[in-house]
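*Asks:* Right, I'll just put the structure down here and ask away after.
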Amino acid sequence: MLVPTTILALQHFKTFSERLKDFPVTIDYLNRFKSAAQQSVTIDKLKSGKVDIVIGTHRILSKDIKFQDLGLPVIDEEQKFGVAAKKTESSSGKCGYTHLNSYADSENIAIFIDGARDLSVINTPPPNRYPVTTEVHTFSEKLIKEAIQFEVARGGQVFFIHNRVQDIHDISALIRKLCPDVKIGVGHGQMEGEQLENVLLHFIEGELDVLVATTIIESGIDISNANTIIINQAHHFGLSDLHQMRGR
């Protein structure tokens, strides 16, 4: 399963492991959170067929990755990948090809127009999804405080998006001042892999109330308990970025 970010690989690995724990399936993942030695172990298992499902970033498209008998490549967030990556992935599968997003573009269709492989598109939204309510406001400490306190009071969690690493900790300090009782974590792409992984795991497992982060959370599976997202300086983002983040 090919995914665009290290975070998404980790999230899918946890979800797959939980949902398939009662089945005789071996699941592993490859991304930059793993050391070179850990990656080497996973790669050897792939070659010998000891891993049934591997979830990874572009790393799984590298030349040193060999599969004993690859049957089904799956691409999540397909629009994040170029045609070359899709061709590499599709050419290694024997049974089919699936991508998980809402459309099949013309370049994808061209890859499969010869009928050599089946293409499946999963475009059914998850059950029990409610429309997202979007409000646009000028920056207001009072509004931020009220939104966070309301969400935390009902047992939920909050994403606060601030896409400047230089002063992201200033934003965290401001939120801590406004809401001294909430548990806050900070995540951005310049953090050490293990440190970022720990912050994300704490948030996923409900140990943090607010995650102050850059757009690294743009590609990820749902955290069902995170019902509010505050996007600071939203005018600096494109519509597609805002739509993607809103989908968290």
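*Asks:* Suppose we filter Val165, Val212 for residues that are exposed (fewer than 15 other Cβ atoms within 10 Å of the Cβ), within 29 Å of Arg32 (Cα to Cα) and among the hydrophobic types (A, V, I, L, M, F, W, C); which single one remains? Full working, then the answer.
*Replies:* Working: Val212 fails: exposed (fewer than 15 other Cβ atoms within 10 Å of the Cβ).
Residue meeting the stated conditions: Val165.
*Asks:* Out of Leu2, Leu72, Leu46, Leu8, which single residue is in contact with a Cys (Cβ under 6 Å, 6 or more places away or on another chain) and either open to solvent by less than 30 Å² (accessible area, probe 1.4 Å) or more than 28 Å from Phe203 (Cβ to Cβ) (or both)?
*Replies:* Values: Leu2 fails: in contact with a Cys (Cβ under 6 Å, 6 or more places away or on another chain); Leu46 fails: in contact with a Cys (Cβ under 6 Å, 6 or more places away or on another chain); Leu8 fails: in contact with a Cys (Cβ under 6 Å, 6 or more places away or on another chain).
Exactly one residue qualifies, and that residue is Leu72.
*Asks:* From the list Thr138, Thr228, which one is of a type outside the set (D, E, K, R) and in contact with a strand residue (DSSP E or B) (Cβ under 8 Å, 6 or more places away or on another chain)?
*Replies:* On inspection, the qualifying residue turns out to be Thr228.
*Asks:* I've got another one for you. Go through segment 170-213 and give me each residue that's part of a helix (DSSP H, G or I), more than 15 Å from Thr6 (Cα to Cα), free of Cβ contacts under 8 Å to residues at least 60 places away in the same chain and of a type in the set (A, V, I, L, M).
*Replies:* Ala173, Leu174, Ile175, Leu178
*Asks:* Which one of these is free of Cβ contacts under 8 Å to residues at least 12 places away in the same chain, among the hydroxyl-bearing types (Ser, Thr, Tyr) and surrounded by 13 or more Cβ atoms within 10 Å (Cβ to Cβ): Ser35, Ser17, Ser40? Steps first, please.
*Replies:* Details: Ser35 fails: surrounded by 13 or more Cβ atoms within 10 Å (Cβ to Cβ); Ser40 fails: surrounded by 13 or more Cβ atoms within 10 Å (Cβ to Cβ).
Testing whether each residue is free of Cβ contacts under 8 Å to residues at least 12 places away in the same chain, among the hydroxyl-bearing types (Ser, Thr, Tyr) and surrounded by 13 or more Cβ atoms within 10 Å (Cβ to Cβ) leaves just Ser17.
*Asks:* Then there's this: Which one is most open to solvent (accessible area, probe 1.4 Å) among residues in segment 52-68 that are over 18 Å from Gln11 (Cα atoms) and among the aliphatic types (A, V, I, L, M)? First the steps, then the outcome.
*Replies:* The first filter runs over segment 52-68 and keeps only residues over 18 Å from Gln11 (Cα atoms), leaving 61-68.
Going one step further and asking which of them are among the aliphatic types (A, V, I, L, M), we end up with 61, 65.
On the way: Leu61: 38, Ile65: 15 Å².
Filtering first and then ranking leaves Leu61.
*Asks:* Would you be able to tell me the number of residues in segment 30-75 that are in a loop (DSSP other than H, G, I, E, B) and either of a type in the set (Ser, Thr, Tyr) or under 17 Å from the mean Cα position of the chain (by Cα) (or both)?
*Replies:* Going residue by residue through segment 30-75, those that are in a loop (DSSP other than H, G, I, E, B) are 31-35, 49-52, 57, 62-73.
Filter again for either of a type in the set (Ser, Thr, Tyr) or under 17 Å from the mean Cα position of the chain (by Cα) (or both), leaving 31-35, 57, 62.
So the count comes out to 7.
*Asks:* For segment 228-243, give me each residue that is open to solvent by 40 Å² or more (accessible area, probe 1.4 Å), in contact (Cβ under 8 Å) with a residue 24 or more places away in the chain and farther than 18 Å from Leu143 by Cα.
*Replies:* His236, Asp241
The values are calculated or read from the model by the stated rules, or taken from the named source; none is laboratory data. Since this is a predicted model, take the numbers as computed values, not measurements. Here Cβ is always computed from backbone atoms with ideal geometry, including for glycine, and neighbour counts include all displayed protein chains. SASA here: full protein model, heavy atoms, side chains in, ligands and nucleic acids out. Shrake-Rupley method; radii C 1.70, N 1.55, O 1.52, S 1.80 Å.
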